[in-house]
Structures are given as structure tokens and as C-alpha cells.
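The values are calculated or read from the model by the stated rules, or taken from the named source; none is laboratory data. This structure is a prediction, so every number in the text was calculated from the model and none was measured. Backbone-built Cβ (ideal geometry, glycine too); neighbour counts: all protein chains shown. In case anyone asks, the SASA skips ligands and DNA or RNA and just uses the protein heavy atoms, side chains included. Shrake-Rupley method; radii C 1.70, N 1.55, O 1.52, S 1.80 Å.
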Amino acid sequence: MNELGLTEMHAPRPCWLDDPDSVARWQANIAALRTVSPTLAARLETAPLGDRHSFEDLLAHALPTPHGDSLGVFGLGDPALLNNALATTAKRIVAWDRDPALVHFALSAQDCTQDILSKRLQIALAADLIHHLEGLEWTVHPQLAHAYAGELALLGRPLPAPCVLVGTGTLFVDDLVQGLQQEGYAVYPLATALHSVAELDHTVQTVKPQAIFTINYLHGTAEFCARHQVPFRCWEIDPATDQVRPFQEQGDVHIFTYRQANVADWQKNGYPSSYLPLASNPDRRTPGTQQPRGIAFVGTSMVQTAQSYLVRLVQLLSSLGHDEVLARHSIEQILLTQSQTNHYVADGLLAAQFPGLPNAPDDPAMWLGEIAASRHRIQVVQQLADLDIDVWGDTGWTQIEQAGVHYQGPAGHFHQLNDIYRSSLINIDIGRIYQPDIVTMRVFDVLACGGFVLAAHCDALAELFQIGQELDSWKTLEELHEKTTWYLNNPDKAQAIAQKGREKIRKQ
């Protein structure tokens, strides 16, 4: 987990902060802004800045010519948009961006002091947009329109009630937003991974939401919501590599978790919690008409993450007095033993080899779990190399291309992922080996697309689906290879099972 309002604090320093001319323009503009809007100036001056963007990609290229007397500039990734607006006859201009770094970028690119002092130019940050939804002709930054889709959808009308805030930046957020909108809620984004806590406070005070929702938990969010007396609901859908911190305040909080084993941990730390399996949006994941063929796996190799955790684990053991070379050798021996069994044993072996390891705030056993999960995924995919498996994900998969695995590059989360699931006769599912008790989102997404799933077996899978009728499962690498071969030779059986799996998803 990360800390609320602090997750981007260590982003690279923006390049324009080292350019004397840019700094001079920023200082002049912010001085003018202090005169007309001291509160906003203070928010911008204290905002955490990080180079989160490839600024060449944010050049708008096509600059629309505004015509109205009141103009809004939506997204400041290209200073030319604001400059173009200032060069027109518009009487009033509102320049808005969600990201304080991009506001800083725009105010470092040109001298706007006279326009700010005359109030012809008004700067708006994040939730300030609420005050400008009506009465403006908007020039929208084309590249940022998608990133700011939540705000873009609200332009042109007052913010309807009831309204809720939804944390940005993770998978499933769009599906959550769609569901809330179908229930009649207006949704405004809460940029939990972008803004300081003070800026998040401003968002809540401005929007006045009836509730706050997030996908996955950031430390401090429950306390933040309790302080504002706003109900908070979180759906945990991914594993965390650090410990849950106690929640000791009074607040309307509930954590839904994808893993039954996590419920007790949340509850003992003061969070009301319940089990909610992962799922798929059947409006987004839909079947196709193409004839499926071949084998596919879509997912990260976790190689880069595993390498970083291995370094951290060795460093931790070294700091506790263990010889670094011997510690690394011991970890590799644990991982070798893990690779020879289908049950997760690495955590127990680590505790036996290195008793007394600290587990707060970060948990070294979870670091090892992520390393083992990466090794396991590589091992499983490589098991099917002779059957011409195609794999989509990060470049870590290239290390087994020589074995016969066909690396196809990254996969877009929406349309491309649908096409892969629909067009593959067999979709392999590989969860994290240290979580043998969950059903991955991949299973639900493949079934929603009408694809056939051959999933790693677990009790939770059997509780939700009829194995062999709505999907199939494997317990060992040998069984995985045998079943994959059989379904390749019996495609009609795979497609019949896929049809029943799709029906199950629609019913649920």
C-alpha cells in the first residue's frame, strides 16, 4: 500500500524548474496570483510536483480557435493552448488542470501577469472546476481528454446530486464509476495518488460528496474520510506487500476484499470488512464472432518487481548481520525448493532460515512471495512452450522466447484484451502462487468475453464455478500440459464449456 497524498512525492523533478527563464515567469505569475487569489496561489506553491508526464506527448498539435466571450481551457499539457486562447478576443478565460504540475508548467511557459491581475485569466486547479461547469466554451486538450474523462463528462451542466468521489488511477475504476452512475450518482474523481492531503481536503470541501469509493487501499484514507465525516467504501483487488495499520477512529468505513483470508486481518485492525470476489463488467467484456485458436496468457511476468524485491530482501538480511552472499544463496535455495512443489512453502522456509524477521511496516515474506510468484509464472508459461503459447505483457517475458514462447508485447486493457480472450481457444490463468485461495479477475474477464479458461485450481474456484462444465482447472504442470494438449485436439469441447461459462457470468 501507499500513503494517501504521498504516492507521487518522489517523482522525478520537472525539467522546467531548472530553466532560469521558466522560473522567472513562474515567479512573476504566482506573485500576480497571490494578489487576486492568495488561497489558490498557496495551494499551487505547496503542491508536490513531479515529472509524471512525457511532455512531448502532451503537445496538442491541433489548436482550436475559440469564439465565445467566456472560454475554458481544459488541460494545460501544451502551453500553446493557453497562449492561443489569450491571443483571441475572449473576455474571460478559465485555465484548468487536475495536475498542479501541469498548471505550474503552463505558468512557467509565458508571462500572464497582466491577464491574471485584470482577472481576464482565472486559474483553476482540480476541484475548482466545479465552479466553472456552466457558461464556458471549452477548448479541450486532446491527449488529456481521456485522462480527465471523469471531469470532461461533467462539463456543460451544474454538478448533479447525489455526488460521490471515486479514487483515480487503478484497474476497475471505470467499471466502478459506470456502476455508480447507473445507480444515479454523479461521480467526481479524487486524485489520491496525485494531490497532497491538503488538496484532497479541498476537493471534499468543494464537492461535498455523499461517499468516497476507492479500488485498493491507501494508508490514511479511512482516517481522512472519518475526519470529513464521509462514508468510505474500498474494494481491495490486489495484494499489498506491507501491513494493515490499525484504524482507531470512529467512521462509516467498510473494506471489501477479494481474498477471504484478508477479512480477519482487516477486522482485527479495526476495519469492518467482508469478502467480495473479483468480477467482470459484462458490458465491457463481450464475446466476438471469430473462430478461436491457439493458447494465450495475458499478464505481467513480474520480473522487474521480483528483482527489486530480491535486492531489498538481501539488503534487509545484510542490515541484520547476515552475510550478503550467503543470504542471497539461501534465498535462491528457498526459491528452488518452491519451484519443485505445487504448494506455497517459501514463507515457512524463510521464517525457518531467518527467524525473527521484522514484518512492519513492510513484510519481507511478501517480498519473497512476489519473487516466487514471478518465478512460478515464468515456469508455467515455459511449460507450454512446445505448444506454441502466445503471451502478452511486459518485456520480462522475452527471457523465455528462446524456449519457444511467443511474446506478443503489451496488451491494451480494453479492446485488445477482449480480442485476445475471444480469439484464443485456450486462455491460461496463473495467479500468484502465494495466494492459492483466490479467483483472479482474468478468469471472470475471459468468461465474459466468451473465452475458455484453463485456470490454476483452488477451492474458491470450485465454490464459484463448476469445474469441467463452465471452465477447467489444473493442479500440476504435468496436468496443465496434458489438458492443454487435449483441448487443442478437441476445440469443440473447449468452446462448449466457454459458452456455459459465459452464461454463468451473465447470470451473476
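Values computed for the structure shown
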read-out	value
Cα-based convex hull volume of segment 163-275 per residue, rounded to whole Å³	99 Å³
Where only alpha carbons of segment 257-356 are counted, the Rg and the Dmax (Å)	20.1, 61
Per-residue HN-Hα couplings for segment 455-462 [Karplus 6.51, -1.76, 1.60; θ = phi - 60°; Hz; x = Gly/Pro]	9, 4, 6, 7, 4, 4, 4, 5
Hull-based mean projected area of segment 392-434, where the convex hull spans the alpha carbons, in square nanometres	3.9 nm²
Nonlocal amide H pairs with I389, under 5 Å, H built at 1.01 Å	H406
Probe 1.4 Å, protein heavy atoms only - accessible area per residue of the chain in square angstrom	45 Å²
FRET efficiency estimate (nearest 0.05) - Cβ-Cβ, A462 to H329, R0 56 angstrom	0.90
Within segment 337-364, backbone nitrogen closer than 18 Å to the virtual label 7 Å beyond the Cα of T476 toward Cβ	337-345
Where the Cα pairs of segment 360-508 fall when distances are cut into 5 Å bins, in %	2, 9, 18, 22, 22, 16, 7, 3, 1, 0, 0
Per-selection Kirkwood Rh - segment 112-206 (Cα, Å, 1 d.p.)	14.7 Å
Hydrodynamic radius (Kirkwood) for segment 422-466, which is based on Cα pairs only, to one decimal in Å	10.8 Å
Under 19 Å between alpha carbons - lysine pairs in the chain that sit 8 or more apart or on different chains	5
Approximate spin-label separation L336-A240, in nm, with each point projected 7 Å along Cα-to-Cβ	3.6 nm
Peptides ranked, highest mean first, by Cβ atoms within 10 Å: ranges 296-306, 311-321	296-306, 311-321
Within the chain: Cβ-based charge dipole about Cα centre, in debye rounded to nearest 20 (Lys, Arg +1; Asp, Glu -1)	960 debye
Alpha-carbon Rg with Dmax, taken over segment 194-241, Å	11.2, 34
Values of log10 I(q)/I(0), in the order q = 0.06, 0.07, 0.10, 0.12 Å⁻¹, for the chain under a Debye, Cα-only, solvent-free model	-0.35, -0.47, -0.92, -1.20
Under the span-like rule (Cα at least 27 Å along the axis, Kyte-Doolittle mean at least -0.5), DSSP H helices of the chain	364-383
Label-reachable residues, segment 271-303, where backbone N falls under 14 Å from a point 7 Å from A149's Cα toward its Cβ	281, 283-285
Protection proxy ranking of 149-157, 436-444, 424-432 - average other beta-carbon atoms within 10 Å, highest first	424-432, 436-444, 149-157
